[in-house]
Amino acid sequence: MKRVLLSIIVCIVVSSSAFAQKEYKGDGPDDYLRLVPLGATVALKAFGVQSRDDWQHLLLNAGVSTLITAATTYTLKNTIHDTRPDGTDRHAFPSGHAAIAFSGAHVLYKEYKDVSPWIGIGGYAVATAVSCDRVRRNRHHWDDVAAGAAIGILSTELSYWLGSKLWPNNKENLQVSVTPSSLHLTFHHPL
């Protein structure tokens, strides 16, 4: 349990120190905080905390979840054209920050719920803080962040369901290699 807490603290410190070291010109600190739950998932695995899946399936599920979340959010934003509360643009619905944060939080929960429920609660707390900050800073209405949260969670559920059907937890069927500049996934589906 001490390793888990240490891993979470290290992840938060690294994220916040990276934010503090450069001049920020983006939307707000939630630009970084939305990535903390997914980063914590990888950091815990890297620190040796036993997750539900091996590296290959963890990366596949997280990647597919993020892809579905981003594609759904982008499509809806560019179809609905809802104006932000601050009037800056017409891409308010749904909140992409909330979608990505809750997608990562749900991956974190699914991978580490058997280790400790507090790991998942921490991820959901960060995602909730990101969502509340989007509303507080007048970038979204509550329905925007609620829809984003739902998209993130449902996308993660869909990715884990698809992963279990298409690539069962069999190491021979899936190979992942990561280099500093790329990620390669190779799938072998038995017919």
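Assorted remarks:
- Any hit, region 18-31, residues being assigned to a helix (DSSP H, G or I) and either at pLDDT 95 or above or crowded, with 17+ Cβ neighbours inside 10 Å (or both): yes
- All positions within region 127-148 that are in a helix (DSSP H, G or I) and either among the acidic types (Asp, Glu) or surrounded by fewer than 24 Cβ atoms within 10 Å (Cβ to Cβ) (or both): Thr128, Ala129, Cys132, Asp133, Val135, Arg136, Trp142, Asp143, Asp144, Ala146, Ala147
- The listed residues are Leu60, Leu76, and the only one of them that is within 26 Å of Tyr109 (Cβ to Cβ), in a helix (DSSP H, G or I) and touching a Pro at 6+ places or on another chain (Cβ under 9 Å) turns out to be Leu76.
- Which numbered condition Arg90 misses (of (1) part of a loop (DSSP other than H, G, I, E, B); (2) at pLDDT 90 or above): (2)
- Residue in region 167-175 that is at pLDDT below 90, more than 18 Å from Ala71 (Cβ to Cβ) and of a type in the set (A, V, I, L, M) present: yes
- Matching residues, region 74-114, being open to solvent by less than 10 Å² (accessible area, probe 1.4 Å) and not aliphatic (A, V, I, L, M): Pro94, Ser95, Ser103, Gly104, Glu111, Tyr112
The values are calculated or read from the model by the stated rules, or taken from the named source; none is laboratory data. Just so you know, these numbers come straight off a predicted model, no measurement behind them. Methodologically, a virtual Cβ is constructed for each residue, glycine included, from the backbone with ideal geometry; neighbour enumeration extends over all protein chains shown. We work out accessible area using only protein heavy atoms, side chains counted, and drop any ligands, DNA or RNA first. Shrake-Rupley method; radii C 1.70, N 1.55, O 1.52, S 1.80 Å.
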